[in-house]
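Shown next, in structure tokens, is the structure this report addresses.
The values are calculated or read from the model by the stated rules, or taken from the named source; none is laboratory data. Since the model is a prediction, treat every value here as computed from it, not as a measurement. Here Cβ is always computed from backbone atoms with ideal geometry, including for glycine, and neighbour counts include all displayed protein chains.
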Amino acid sequence: MKRLGYLLFAVLAITLLLGGDAFATGVEGGGDGSYYFVTYYSNANTTGAPDATLRIVNDGGAACIADGDSICIEDGSELRWAAIYVFDDSQEMRSCCACQITSDGLLSESVNKELTSNEFTGRGEMTRGVIKVISSASSDPTAPVLATGLRGWMTHIQATTNVPEKSPWFVTEDALADSNLSATELANLGTLCSYGLTIGSGYGYCPCTVEDYDF
């Protein structure tokens, strides 16, 4: 029994010396390595309903390292972009964009004023649908480059009656769902975004809020 105690003590000591890396999951820093997330929006652009917000942070895992007294400037490989793809309830992509987020930065996107306000088709207001986000090392939403580092949350506007315009509203919030990303899905997102921006002739690129400006 004493030998087991000595062994456990030795393992603990080595772990502390290594900064806890012995318990890492295989991903640098012990993170889960997610880079693809999905969520939904509901009751957008609805009379009397509050606006929903998509919030995404850069967890700092790709932070640059300062050299002496110099100011640390992140280069393109260390920045992260949230490649965002917005679908309506007919499973059709209606807007897309890539918003830059620096280490430990916060991006806040309004569903009404940004994510659904400038869409490809001009067919009217979007009230519900799906939002997909890729943690990317590219500023181009038509060609995202998978790179871990982003985490996100979304507020949801819930109606309490069958007549949304007259409904009291509940606002809930949850984390974006980690999701599976196939090569086909990755290619489709980039291609649909590219086609939409081209056909939209300037429409469809959702504006990005200035970083750390929350609402």
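Name the residues in segment 184-212 that are over 17 Å from Ser138 (Cβ atoms) and within 16 Å of the chain's Cα centre (by Cα), would you?
Of the residues in segment 184-212, the ones over 17 Å from Ser138 (Cβ atoms) are 184, 195-196, 198-204, 207, 209-212.
Result: Pro207, Thr209, Val210, Glu211, Asp212.
Would you call Glu211 of a type in the set (Asp, Glu) and either farther than 22 Å from Gly61 by Cβ or assigned to a strand (DSSP E or B) (or both)?
Working: of a type in the set (Asp, Glu): yes; either farther than 22 Å from Gly61 by Cβ or assigned to a strand (DSSP E or B) (or both): no.
Spelling it out, it is not the case that Glu211 is of a type in the set (Asp, Glu) and either farther than 22 Å from Gly61 by Cβ or assigned to a strand (DSSP E or B) (or both).
How many of the residues in segment 95-131 are over 16 Å from Phe37 (Cα atoms) and touching a Gly at 6+ places or on another chain (Cβ under 7 Å)?
6
On the basis of being charged (D, E, K, R), free of Cβ contacts under 8 Å to residues at least 60 places away in the same chain and surrounded by fewer than 18 Cβ atoms within 10 Å (Cβ to Cβ), does Glu211 make the cut? Don't jump to the end; show me each part of the working.
Details: charged (D, E, K, R): yes; free of Cβ contacts under 8 Å to residues at least 60 places away in the same chain: no; surrounded by fewer than 18 Cβ atoms within 10 Å (Cβ to Cβ): yes.
When the stated conditions are applied, Glu211 does not pass them.
Is it fair to say Val171 is of a type in the set (A, V, I, L, M) and within 13 Å of the chain's Cα centre (by Cα)? Let's see the steps before the verdict.
On the way: of a type in the set (A, V, I, L, M): yes; within 13 Å of the chain's Cα centre (by Cα): no.
The answer is no for Val171.
When segment 151-194 is examined, which residues are found to be closer than 18 Å to Ile84 by Cβ, in a strand (DSSP E or B) and either in contact with a Ser or Thr (Cβ under 7 Å, 6 or more places away or on another chain) or free of Cβ contacts under 8 Å to residues at least 12 places away in the same chain (or both)? Write out each step before concluding.
Just the residues of segment 151-194 that are closer than 18 Å to Ile84 by Cβ, to begin with: 151-156, 173-179, 181, 185-194.
With in a strand (DSSP E or B) added as a condition, the list becomes 151-156, 173-175, 177-178.
Matches in segment 151-194: Met154, Thr155, His156, Glu173, Ala177, Asp178.
Would you check which residues across segment 195-208 are out of contact with any Ser or Thr (no Cβ under 6 Å at 6 or more places or on another chain), in a loop (DSSP other than H, G, I, E, B) and surrounded by 14 or more Cβ atoms within 10 Å (Cβ to Cβ) and list them? Step through it out loud before you land on a result.
The first filter runs over segment 195-208 and keeps only residues out of contact with any Ser or Thr (no Cβ under 6 Å at 6 or more places or on another chain), leaving 195-203, 205, 207-208.
With the extra rule that they be in a loop (DSSP other than H, G, I, E, B), the set shrinks to 201-203, 207-208.
Across segment 195-208, the qualifying residues are Tyr203, Pro207, Cys208.
Please find, within segment 28-44, the residue that is modelled with the highest pLDDT out of those that are surrounded by fewer than 17 Cβ atoms within 10 Å (Cβ to Cβ) and more than 19 Å from the chain's Cα centre (by Cα).
First, the residues of segment 28-44 that are surrounded by fewer than 17 Cβ atoms within 10 Å (Cβ to Cβ): 28-33, 40.
Of the ones still in play, those that are also more than 19 Å from the chain's Cα centre (by Cα) are 28-30.
Values: Glu28: 41, Gly29: 41, Gly30: 44.
Checking each candidate, the answer is Gly30.
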